[in-house]
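Let me begin by presenting the structure, written as structure tokens, before commenting on it.
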């Protein structure tokens, strides 16, 4: 049973006072910032009058952005630590409205700057060396010149920011609040409410009838709403395609990849390479079928553990000590900095009532990163903590080494550091344990991560690519079209030695990432990069550790492809993806050897 937040020690909670000493101070700053939005009018029409004016504007804009980030983080984490608290719900809502006002107030900036040629900016930088710190930001702005519309048109588009979020917002309300899946019998034979939150727990049950019940009940329920979900997803796809067309991009995919200078070949190469490497997964399915003792392996069997879960329970202190040991290969500087997360209020551990589901890390340049999770002492909790602290350290080093405008690294590299940490943790435990069953569990856990991140996310990426192409071709995305395509892709990506159950055709309805505009492929590319980095470090490749820490410090001063090259990974080539499959095959072979012996 979970407990109210007040029943947990403050030592387990993050320190929100590092942001603001009180809610009153937060509210005062919010009101001040809202008033300061009016100061943008002082610059409108004059940003590029002189090099001094440009510098003063950029300094003002950066200061305001920094303040807005701090305001947002405070409301965001206060709301998430207990979502039943209506006061913080209201606070978070007010910040969302403040952000909308900010977007409207700043909509003139980019069109106004882009009325000039970049040569003017270059001359201003020569004239006023203080502008040098904003050079990257200005170059980035001009990168979008050919896709930026007139002042009036940009103003109109800014007013549609809210309405364009409607498919995602409706999806969230429908899925998180309105969907009811009924009850199923748990492992003890007691009827229990099935939810999206506990679905994965049921799917990991050692009892097959529990897994099958959960799988069937959840997906059949989604199936009852197939027309509604098809309408929502079709609206999202149309929004993406229409906006890309209005701005002049050749496709929604092109519009999504362009900001980070990601060649479209990286997306397509990922899909091709994964589909050429289904055999190792088929081998794993055969091994899993034998380990579970079933004649036919179904999709609802894929998350079932092949051996007993690690029963050891970790305290906060245990988790800290374990992570310090497992991540020591990253060097003494990294470990010293990592300890700050545990002792300076970066982490929120309590699994209290009302806490937001899942885990995340968010950064505040003015303070430090914040990590949220519901820590229950299990190995999975420790692994999740390792993951989120990977994000935290990436943010920490980027903030420490870069200016505010240059610290926010690309989403393309966002999952690299988190996955490096998880791989290093698992590899450390595998190397230390003498318990064969524990070793099986840990290797199986790594295999599951690979399967979920490389195979599954790439399947999602292809689904997303294909539905946008179909809409562009005038094909109506009915539920029949979506279900048929999704079922076909499951057959292709899961390969032999597994039965693809009919109900899987409804699973696309429960994937929130399809409302995030070509986001998912980056999970797969980042994981492949993380495997390369982690194995180079473990194998003591020359300068691997030092280069990785340099990578963590780059922020967005290089584009993501060039950033990863600093860490020794060239994602413009197929090799990192292909090497990832060698790693995966070795894991499957290691697991097979443990069963044979």
statement: Among 505, 465, 491, 427, the single one that is over 23 Å from residue 226 (Cβ atoms), at pLDDT 95 or above and in a helix (DSSP H, G or I) is 427
- line: Per the filter on segment 339-353, residues surrounded by fewer than 21 Cβ atoms within 10 Å (Cβ to Cβ) and within 22 Å of the chain's Cα centre (by Cα) are 351
query: What pairs can you find where one residue is in segment 121-149 and farther than 16 Å from residue 55 by Cβ, the other is not in a helix (DSSP H, G or I), and their Cβ atoms are less than 8 Å apart, with a gap of 6+ or different chains?
result: 142/114; 144/114; 145/114; 146/248; 147/248; 147/249; 148/114
task: Kindly provide the set of residues from segment 182-196 that are under 31 Å from the mean Cα position of the chain (by Cα) and surrounded by fewer than 18 Cβ atoms within 10 Å (Cβ to Cβ), ordered by number.
output: 182, 183, 192, 193, 195, 196
query: Consider residue 243 against the criteria (1) assigned to a helix (DSSP H, G or I); (2) modelled with pLDDT of 95 or more: it satisfies all of them except one. Which criterion is unmet?
result: (2)
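From the list 316, 308, 250, exactly one residue is more than 23 Å from residue 493 (Cβ to Cβ), surrounded by fewer than 20 Cβ atoms within 10 Å (Cβ to Cβ), touching a helix residue (DSSP H, G or I) at 6+ places or on another chain (Cβ under 9 Å) and modelled with pLDDT under 95. Which is it? Talk me through it step by step, then tell me what you get.
On the way: 316 fails: modelled with pLDDT under 95; 250 fails: modelled with pLDDT under 95.
The unique qualifying residue is 308.
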- prompt: Could you list, in sequence order, the residues of segment 19-42 that are in a loop (DSSP other than H, G, I, E, B) and surrounded by 16 or more Cβ atoms within 10 Å (Cβ to Cβ)?
  reply: 19, 20
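Test residue 479 against the criterion of being buried (at least 21 other Cβ atoms within 10 Å of the Cβ), more than 22 Å from residue 582 (Cα to Cα) and touching a residue at least 60 places away in the same chain (Cβ under 8 Å), and give yes or no.
Working: buried (at least 21 other Cβ atoms within 10 Å of the Cβ): yes; more than 22 Å from residue 582 (Cα to Cα): yes; touching a residue at least 60 places away in the same chain (Cβ under 8 Å): yes.
Here the answer is yes, as residue 479 does meet what is asked.
Regarding segment 197-206, can at least one residue be identified that is more than 23 Å from the chain's Cα centre (by Cα) and either part of a loop (DSSP other than H, G, I, E, B) or surrounded by fewer than 19 Cβ atoms within 10 Å (Cβ to Cβ) (or both)?
Quick first cut of segment 197-206, residues more than 23 Å from the chain's Cα centre (by Cα) only: 202, 205-206.
Filter once more, keeping what is either part of a loop (DSSP other than H, G, I, E, B) or surrounded by fewer than 19 Cβ atoms within 10 Å (Cβ to Cβ) (or both): 205-206.
Yes, segment 197-206 has at least one match.
Yes/no per residue for (1) surrounded by fewer than 19 Cβ atoms within 10 Å (Cβ to Cβ); (2) in contact with a helix residue (DSSP H, G or I) (Cβ under 8 Å, 6 or more places away or on another chain):
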{"site": "475", "(1), (2)": "yes, yes"}
{"site": "484", "(1), (2)": "yes, yes"}
{"site": "494", "(1), (2)": "no, yes"}
{"site": "534", "(1), (2)": "no, yes"}
{"site": "542", "(1), (2)": "yes, no"}
{"site": "566", "(1), (2)": "yes, yes"}
{"site": "577", "(1), (2)": "no, yes"}
{"site": "580", "(1), (2)": "no, yes"}
query: Name the residues in segment 312-336 that are more than 23 Å from the chain's Cα centre (by Cα), touching a residue at least 40 places away in the same chain (Cβ under 8 Å), part of a helix (DSSP H, G or I) and over 27 Å from residue 435 (Cβ atoms), would you?
result: 333
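Please work out if residue 68 is in contact with a helix residue (DSSP H, G or I) (Cβ under 7 Å, 6 or more places away or on another chain), surrounded by 15 or more Cβ atoms within 10 Å (Cβ to Cβ), without any contact (Cβ under 8 Å) to a residue 60 or more places away in the chain and closer than 30 Å to residue 10 by Cβ.
Numbers: in contact with a helix residue (DSSP H, G or I) (Cβ under 7 Å, 6 or more places away or on another chain): yes; surrounded by 15 or more Cβ atoms within 10 Å (Cβ to Cβ): yes; without any contact (Cβ under 8 Å) to a residue 60 or more places away in the chain: yes; closer than 30 Å to residue 10 by Cβ: yes.
For residue 68, the condition - in contact with a helix residue (DSSP H, G or I) (Cβ under 7 Å, 6 or more places away or on another chain), surrounded by 15 or more Cβ atoms within 10 Å (Cβ to Cβ), without any contact (Cβ under 8 Å) to a residue 60 or more places away in the chain and closer than 30 Å to residue 10 by Cβ - is met.
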- prompt: Which one of these is surrounded by 16 or more Cβ atoms within 10 Å (Cβ to Cβ) and in contact with a strand residue (DSSP E or B) (Cβ under 9 Å, 6 or more places away or on another chain): 262, 271, 299?
  reply: 299
message: Just checking, does segment 518-539 include any residue being more than 30 Å from residue 330 (Cα to Cα) and out of contact with any strand residue (DSSP E or B) (no Cβ under 8 Å at 6 or more places or on another chain)?
response: yes
query: Which residues, counting only those in segment 188-216, are under 21 Å from residue 291 (Cα atoms) and touching a helix residue (DSSP H, G or I) at 6+ places or on another chain (Cβ under 6 Å)?
result: 202, 203, 205, 210, 211, 212, 215
message: If residue 71 satisfies all but one of (1) more than 29 Å from the chain's Cα centre (by Cα); (2) part of a helix (DSSP H, G or I), what's the number of the condition it fails?
response: (1)
message: Kindly evaluate residue 418 against the criterion of being in contact with a strand residue (DSSP E or B) (Cβ under 9 Å, 6 or more places away or on another chain), buried (at least 17 other Cβ atoms within 10 Å of the Cβ) and in a helix (DSSP H, G or I).
response: yes
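The values are calculated or read from the model by the stated rules, or taken from the named source; none is laboratory data. Since the structure is predicted, the reported quantities are computational estimates derived from the model, not experimental observations. Cβ coordinates were reconstructed from backbone atoms using ideal geometry, including for glycine residues, and neighbour counts include every protein chain displayed.
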